[in-house]
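The values are calculated or read from the model by the stated rules, or taken from the named source; none is laboratory data. Since this is a predicted model, take the numbers as computed values, not measurements. Using ideal geometry, Cβ is built from the backbone for each residue, glycine included, and neighbour counts are taken over all protein chains shown. Please note that ligands, DNA and RNA were not included when accessible areas were found on the heavy atoms of the full protein model with its side chains. Shrake-Rupley method; radii C 1.70, N 1.55, O 1.52, S 1.80 Å.
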Amino acid sequence: MNAPRLRIEPLGTAKPDGERWRTTWRVTNLDSDAVRVVGAIAPHAQVRGEATLDREIRGKGNTQLSLVVQIVGTAGGEVENAFVILLIQRGNDRWRVLARLRVPLEEDARPRPRIEAVTVQRVGFSGEL
């Protein structure tokens, strides 16, 4: 089975959420088969957050999702090589969609993530979970 084809893009400006920042993302399914987003994680030491989701994206459709992240950095700085990783279910297969980010930190260290590359890997492709 071919990997799902998704486009991920940050929307607007991150909003304060307590001591963290709520980032919003549009995820577009470029294929005709539906997929389900079941999780999102930002695992970088300076951009960290995690969400359990259950969101279907119909074929050729899109959805918006939020991920609340903790930012370690100061205004004017930039975080390189951060990731947002989506866990996708399509049929019985699970996939990881890895969006590599560059994250400039604006006033108050407000993150404004930019996508640099997107890759897709089947979960368990190497015999491991």
- Message: Give me, ordered by chain and number, the residues 5 or more places off residue 57 or on other chains with an amide H under 5 Å from its own placed amide H.
- Response: 35, 36, 37
- Item | Around residue 85: net Lys/Arg minus Asp/Glu count, Cβ-Cβ under 13 Å | +3
- Task: Determine, for each peptide in 51-61, 6-16, the mean count of other beta carbons within 10 angstrom over its residues, then list the peptides with the highest first.
- Result: 6-16, 51-61
- Can you work out the accessible area per residue across the stretch 1-51, with the rest of the protein chains kept in place, probe 1.4 Å, in square angstrom? 54
- In whole percent, the fraction of accessible protein surface over the stretch 6-112 that belongs to carbon or sulfur atoms, probe radius 1.4 Å, stands at 41
- With the charge dipole of the stretch 2-86 built from beta-carbon charges (+1 for Lys and Arg, -1 for Asp and Glu) about the Cα centre, the Cα from 74, 14, 29 projecting farthest to the positive end belongs to 29
- Note on the structure: In debye to the nearest 20, the charge dipole size for the chain, taken about the Cα centre with +1 at each Lys and Arg Cβ and -1 at each Asp and Glu Cβ, equals 380
